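Notes follow once the structure below has been shown.
Nothing in this text is a laboratory measurement; each read-out follows from the coordinates by a stated rule. The structure presented is a predicted model; accordingly, all values stated were derived computationally and were not measured.
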Amino acid sequence: WNPTIPLREGLEKTVDDFPTERKWAETALRESETHLRAERARLLAIVEHAPIGIVIAEAPSGRIILGNPMAEHIFGHPVLLSDRLEEYSDWIAYHPDGSRVTAHEYPLARAITTGEIAGPDEVHYQRPDGSRVWVRITGATTWRCIGPNTASGTRRMNHGLPSFSSASTSRVALLSSK
């Protein structure tokens, strides 16, 4: 059964010729996926070319999923793709007093644990060749709203974002002012 609908004299359309809700939903989904891919590419380009080190971790697990070239330059090695917060101890750094930074003391771990901005902390990071560099680390999280109304929906932590910069200039200034 396929009824026709008269539109104008000489023009007829069948019900199958009109877009259905499913077709509209499929079109909207394709457009949304295209937009999402473009946004992701834009974000990756920004992270890739940022003049500071950036590492992105999933929350609440702390699994590190991405790091940019500047982070690798600062640390002197590829970003360690830690699977959980406890593995941050693989990143070897020392507090200004010489004590070792524990996994849960890193600003990224604190930000993921508390949901608040952590740092900036200055640490003496040990590179694989044994040399050390002063690094300033700040940790923050991104949030997303879930629910029918994003303005009043439930907030869920989405990612942890530490940023790293060389602290050698400020450290030298701090030491010389004492």
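Key figures for this structure:
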read-out	value
Mean-position separation - Cα centroids, the range 52-66 and the range 78-112, in angstrom	12 Å
Residues with amide H under 5 Å from that of residue 93, placed H, sequence gap 5 or more	101, 126
